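Trainee: So that we are looking at the same thing, I have put the structure below in structure tokens.
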Amino acid sequence: MPAGTFSSVAGGFEHTCGLLGNGAAYCWGFNGSLQLGAGTYNDRDTLPRPVRGGFVFTQIDASHDHTCAITTSNDAYCWGSSYDGALGNRNVPSTAEPVPVEGGLKFKALALGYNHTCGLTTNGAGYCWGDNGGGELGQDTTVFTSLVPILVAGGRTYSAITAGDFHACAIAVGGAAYCWGSNTFGALGTGDSSGHPTPTPVAGGHVFKAIDGGNVHTCGLTTDGDVFCWGSGWLGQIGNGSHSDQPAPVKVSGDRKYTAVSVGANHSCALAVTGTLYCWGGDGASQLGGTASETCIYGPGPTDNFPCISTPIVAAGGKQFRALSAGSFHTCAVATSGGAYCWGGNNEGQIGNGVAGGPLAAAARVSDP
């Protein structure tokens, strides 16, 4: 990637973070819970601000009120709100700069839910910490939270992990997907409506290589390049042409093949092998980056109706991308030619172009640091 441009992005609720090619981390948007990690206590930053500490990171992820990242030595650091122990450090309250996750574990992946965090160690073991009200820590119980990482039950070795708002999923070596936690609207993909506090197989026997969880829906990318989604579908976020909830995986409409998938609160996006980005689901904040031709009804008044689409549409004017991340109500992606672009909700400056205000339907270039 060109020097000084973002090589990866991570969309949260109302903030976004990114890594430069040299591993330097920057965040922008809402900072009410100190989730920007910039050492400042202002409510927002509409331009990328450097994360304190001078760390060199290899991966970063953002959620509602906290952010975490992994260093080149595989150490995990988190910052923002410590509510329910989401930072993984029992001695630290909410913090405006990175603090180490306790336990001395070495991580290769992190995934952030609403108030919980999960990670994979370098040997593929799954750990979670924080809130466990829906069983999202994978401990066969919902009666406690954990301020520090605890091993996910089952003893499996995983290759990828994700955290939805109140659930988590991981891909075992061999490609089988497992999910645990709250199963509202079928977000676990287990084919039933019951919550599962321990890892439970996703129905269908698909072989996955990537997976991402949102609010109450989840999508996975198979080794064949197909995208399957499950869970809440009333806004079309499952992508199969319907607005029905799906308790088990269903294939996203179309014959195109994909290389990456990411989901927000009520929308989904996937990167085709051609580099074109496609999105589907709710578009109330213009997070799809295209023209959503359907209307979804949220309530009785005319202002409660907003655009949506239940099949993939081209996003961001057909720009070519190499990586993507869907925030709750905005979407960001890294262009093949360099530079990050975001669109959708921008009430807190999460687009990163120096402005906070109404939604942006067209892709805006994130200001380079």
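Trainee: Looking only at the stretch 151-172, count how many residues are surrounded by fewer than 22 Cβ atoms within 10 Å (Cβ to Cβ) and closer than 27 Å to G11 by Cβ.
Mentor: Qualifying residue count, the stretch 151-172: 2.
Trainee: Give me the pairs: first residue in the stretch 102-123 and of a type in the set (A, V, I, L, M), second residue not in a strand (DSSP E or B), beta-carbon distance under 7 Å, and six or more apart or on different chains, which are they?
Mentor: That search, which allows pairs on different chains as well, returns L112/S63.
Trainee: Quick check on this structure: which one of V51, V56, V92, V9 is closer than 23 Å to C118 by Cα, free of Cβ contacts under 8 Å to residues at least 24 places away in the same chain and touching a strand residue (DSSP E or B) at 6+ places or on another chain (Cβ under 7 Å)?
Mentor: V92
Trainee: Name the residue that is nearest to H206 (Cα to Cα), counting only residues in the stretch 233-265 that are assigned to a strand (DSSP E or B) and in contact with a His (Cβ under 7 Å, 6 or more places away or on another chain).
Mentor: P249
Trainee: Kindly provide the set of residues from the stretch 324-369 that are within 17 Å of Y278 (Cβ to Cβ), polar (S, T, N, Q) and out of contact with any Lys or Arg (no Cβ under 8 Å at 6 or more places or on another chain), ordered by number.
Mentor: S325, T331
Trainee: If we only count strands (runs of 3 or more DSSP E) wholly inside the stretch 311-369, which ones have 1 or more residues that are charged (D, E, K, R), surrounded by fewer than 16 Cβ atoms within 10 Å (Cβ to Cβ) and within 18 Å of the chain's Cα centre (by Cα)?
Mentor: Those strands (runs of 3 or more DSSP E) do not exist here; none qualify.
Trainee: Further question: Being of a type in the set (G, A, S), under 19 Å from the mean Cα position of the chain (by Cα) and not in a loop (DSSP other than H, G, I, E, B) is the requirement here; does G37 meet it? Spell out how you get there, then give the answer.
Mentor: Values: of a type in the set (G, A, S): yes; under 19 Å from the mean Cα position of the chain (by Cα): yes; not in a loop (DSSP other than H, G, I, E, B): no.
Criteria not met by G37.
Trainee: Take the residues in the stretch 134-150 that are hydrophobic (A, V, I, L, M, F, W, C) and either without any contact (Cβ under 8 Å) to a residue 24 or more places away in the chain or crowded, with 18+ Cβ neighbours inside 10 Å (or both), then tell me which one is farthest from N123 (Cα to Cα).
Mentor: By that ranking, first place goes to V143.
Trainee: Suppose we filter N22, N31 for residues that are more than 20 Å from F166 (Cα to Cα), out of contact with any strand residue (DSSP E or B) (no Cβ under 6 Å at 6 or more places or on another chain) and at pLDDT 95 or above; which single one remains?
Mentor: After ruling out the rest, the residue left standing is N22.
Trainee: Let me ask something additional. Can you name the residue in the stretch 214-232 that is part of a loop (DSSP other than H, G, I, E, B) and within 18 Å of the chain's Cα centre (by Cα) and is also farthest from Y298 (Cα to Cα) among such residues?
Mentor: If we take residues in the stretch 214-232 being part of a loop (DSSP other than H, G, I, E, B) and within 18 Å of the chain's Cα centre (by Cα), then G214 is farthest from Y298 (Cα to Cα).
Trainee: If I filter the stretch 266-285 for residues that are assigned to a strand (DSSP E or B), under 25 Å from G186 (Cβ atoms), at pLDDT below 95 and in contact with a Gly (Cβ under 9 Å, 6 or more places away or on another chain), do I get at least one hit?
Mentor: There is no residue in the stretch 266-285 that is assigned to a strand (DSSP E or B), under 25 Å from G186 (Cβ atoms), at pLDDT below 95 and in contact with a Gly (Cβ under 9 Å, 6 or more places away or on another chain).
Trainee: Oh, and also: Examine the stretch 40-56 for a residue that is aliphatic (A, V, I, L, M), surrounded by fewer than 17 Cβ atoms within 10 Å (Cβ to Cβ) and either in contact with a His (Cβ under 6 Å, 6 or more places away or on another chain) or part of a strand (DSSP E or B) (or both), and state whether such a residue exists.
Mentor: In the first step, residues of the stretch 40-56 are kept if they are aliphatic (A, V, I, L, M); the result is 47, 51, 56.
Still in the running and surrounded by fewer than 17 Cβ atoms within 10 Å (Cβ to Cβ): 47, 56.
Next, from what is left, pick out any that are either in contact with a His (Cβ under 6 Å, 6 or more places away or on another chain) or part of a strand (DSSP E or B) (or both): 47.
Checked against the condition, which is being aliphatic (A, V, I, L, M), surrounded by fewer than 17 Cβ atoms within 10 Å (Cβ to Cβ) and either in contact with a His (Cβ under 6 Å, 6 or more places away or on another chain) or part of a strand (DSSP E or B) (or both), the stretch 40-56 yields at least one hit.
The values are calculated or read from the model by the stated rules, or taken from the named source; none is laboratory data. Since the structure is predicted, the reported quantities are computational estimates derived from the model, not experimental observations. Cβ sites come from the backbone with ideal geometry, for glycine too, and all protein chains shown count toward neighbours.
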